[in-house]
Amino acid sequence: MSIKALRSEAPEEYWLPGNSSCQGCGSTLALRWVLKALGKKTVMVVPASCANVYVGWWPRSSASVNYFDMAFAAGGSVASGIVAALDYLNKKDINVVAWVGDGGTTDIGIQALSGAAERGTNFIYICYDNEAYMNTGTQRSSSTPLGAWTTTTPFGKGQQKKNVPMIMAAHNIPYVATACSSYPKDLYEKIKKAKDIEGTKYIHILAPCPPGWRFDTELTVEIGKLAVETGMWALYEVENGVFRLSSPSKRVMDPSKRKPIQEYIKLQGRFKGITDEQIRELKNYVDRQWERYGKMEEGCPVF
Ligand SMILES: Cc1ncc(C[n+]2csc(CCOP(=O)(O)OP(=O)(O)O)c2C)c(N)n1
Ligand code: SF4
Ligand SMILES: [Mg+2]
C-alpha cells in the first residue's frame, strides 16, 4: 500500500495540529500514525517524558483520545491497572496503550514492563526511542548508542545500546516489533496487527530527535531512513516466537547492500567526538546483530 492509499484508508486525525513538540520531532510523527491505526477507542498511558509536554496543557490538548500523564517508572503498572478496571467493567473494545520514552522503558520502567508482560496483560506497550532523556535536556539512557554525546557522556557513551526488543521477545509474549518514524506504512501495519492480538504486545520505535541528536530539523525522515539503510536499526517482527525481517530491512540483509554507518553518523552532531576506534566497535556490534538476524530469518529459534 502506498502512503497515498494509506492516507485515504486512515484519513481521521487523532493527533491534532498545534502540539508543542520541537520542529522535526520523530516521536510525534510516529504518534500520529500510531493513533491513526488505533482509532478513537484508545487510552494512552504516558509516563514522564517529552510526550507529557508535547501534548500541550489542558484544555488545549493535541491528543483527541484519553491521554494520562504518569509517573516516570509507572507505564507498565498503570496500564495493567487500567486493563484490569476495563475488564471488570466488561469493556472489551478499548485499546490500552503505553507510550513511553526509552528512559522510561529501558531504564526506570523495565521492571513494571517486565511484570506486565510476565502476567500476559492485554495491552500494547510502545517505546518511542529518541536514545536519551530528552525532556530533561539530553542525559544518556541505556538506549543511547556507543560514542554518542549527551550531557552525562560529554566524551561519548562508552557502552552499546541495550537490546530491549529482544529482552521482550525473551518474555515469550505473542508479538514484538521494531519500527521507525521514517517508515509510517510499516509502523501503521504493525500497530494494526498488534491491536488484534490478545496478550502483551511490545513495539519499539526509533524516533530521531533534532535537538538531542543535533541535526537540522528537515533531516528527521532522512536520518531515520539512514538508520535502517546502514543497518544501525533493523525493522522486524517476532510473532509467536518466529522472527521475520520487515521489507526495508530485508533489502539490506546482505552486508554489501548496507550503506556505511558513517553516512548515518556524520549528519549528527552528537557523534562529533566519536573516535575511529568507537566507529569500529559500533560497526562490529551492528555486524554481530545482523549475523543473528540472518540466522533467525533462516529459522533459528529466537531463544
Ligand atoms: C523518578 C523520576 N526521576 C526523574 C524524573 C525527571 N524526568 C522527567 S522526564 C525524564 C526523562 C525521560 O526520558 P525518556 O523516557 O527517554 O523520554 P524523553 O524525555 O526522551 O521523551 C526525567 C529524567 C521524574 N519525572 N521522575
Ligand atoms: S526533544 Fe526531541 S523527542 Fe522531545 S519534543 Fe523535541 S524533537 Fe521531540
Ligand atoms: Mg528518550
> Along the Cα-to-Cβ line of Arg60, 7 Å from the Cα, sits a label point; which residues in region 5-30 have backbone N less than 18 Å from it?
Replying inline: 15-23
> Roughly speaking, what is the stretch gain from Arg119 to Lys41, that is 0.36 nm per residue apart minus the C-alpha to C-alpha distance, in nm to one decimal?
Replying inline: 25.7 nm
> Among the lysines, which have Cα under 16 Å from the Cα of Lys157 when same-chain residues fewer than 8 positions away are ignored?
Replying inline: Lys272, Lys283
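How much net charge surrounds Pro47 when only the other residues with a Cβ under 15 Å from the Cβ of Pro47 are counted, with Lys and Arg +1 and Asp and Glu -1? Intermediate results must be reported in sequence, preceding the final value.
Values: positive: none; negative: Asp69, Asp102, Asp107, Asp129.
Net charge around Pro47: -4.
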>> Quick check: the distance between the Cα centres of region 12-79 and region 231-295, to the nearest angstrom?
In response: 29 Å
>> Per residue of region 260-276, what does 6.51 cos²θ - 1.76 cosθ + 1.60 with θ = phi - 60° give for ³J(HN,Hα)? Whole Hz please, x for Gly and Pro, Karplus curve as stated.
In response: x, 4, 4, 5, 7, 5, 5, 7, 10, x, 5, 9, 4, x, 5, 8, 4
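For an R0 of 22 angstrom, estimate the FRET efficiency from the Cβ-Cβ distance between Arg214 and Thr136 and round to the nearest 0.05. Walk me through the intermediate numbers first.
Values: r = 17 Å, r/R0 = 0.76.
The formula returns an efficiency of 0.85 here.
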>> Percent of Cα-Cα pairs more than 32 Å apart in the chain, please.
In response: 21 percent
> Computed FRET efficiency, Cβ-Cβ of Asp93 and Lys250, R0 30 Å: what is it to the nearest 0.05?
Replying inline: 0.30
> Helix 220-229 versus the longest principal axis of the chain: what is the Cα-based angle in degrees, 0 to 90, to the nearest 10?
Replying inline: 70 degrees
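Take the alpha carbon gyration tensor of region 227-303, find the square roots of its eigenvalues, order them as a ≥ b ≥ c, and report rounded if a/c is under 1.5; if not, report prolate when a/b exceeds b/c, else oblate.
Numbers: a/c = 2.45, a/b = 2.07, b/c = 1.18.
The shape class here is prolate.
With contacts defined as alpha carbon pairs under 8 Å and 6 or more residues apart, what's the relative contact order of region 93-216 in percent?
Values: 223 pairs, mean separation 34.8, N = 124.
RCO, region 93-216: 28 percent.
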>> Compute the helix-to-body angle for 26-38: its Cα long axis versus the longest principal axis of the chain, expressed 0 to 90° and rounded to tens.
In response: 40 degrees
>> On a 20 Å Cα-Cα criterion, which of the cross-link pairs Lys41/Lys225; Lys36/Lys195; Lys41/Lys193; Lys40/Lys195; Lys225/Lys266 come out too long?
In response: Lys41/Lys225
>> Full-extension gain between Ala85 and Glu277, please, as 0.36 nm times their residue separation minus the C-alpha to C-alpha distance.
In response: 63.9 nm
> Non-local amide H neighbours of Ser143 (under 5 Å, H modeled in plane, Pro and chain starts lacking H): which ones?
Replying inline: Lys162
> Once phi is turned into θ = phi - 60°, what whole-Hz ³J(HN,Hα) does the Karplus curve with 6.51, -1.76 and 1.60 give for every residue of region 281-296, x standing for Gly and Pro?
Replying inline: 4, 4, 5, 4, 4, 4, 4, 5, 4, 5, 4, 5, 4, x, 5, 5
> For region 51-93, which chymotrypsin sites (Phe, Trp or Tyr not before Pro) are both in a DSSP coil and crowded by at most 10 other Cβ atoms within 10 Å?
Replying inline: Trp57
> Using alpha carbons only, how many degrees (0 to 90, rounded to 10) separate the axis of helix 75-88 from the longest principal axis of the chain?
Replying inline: 30 degrees
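Read-outs throughout are calculated quantities, based only on the coordinates presented, and are distinct from any laboratory measurement. Everything numeric in this text was worked out from a predicted model, so none of it was measured. We place every Cβ from the backbone using ideal geometry, glycine too, and count neighbours over all the protein chains shown.
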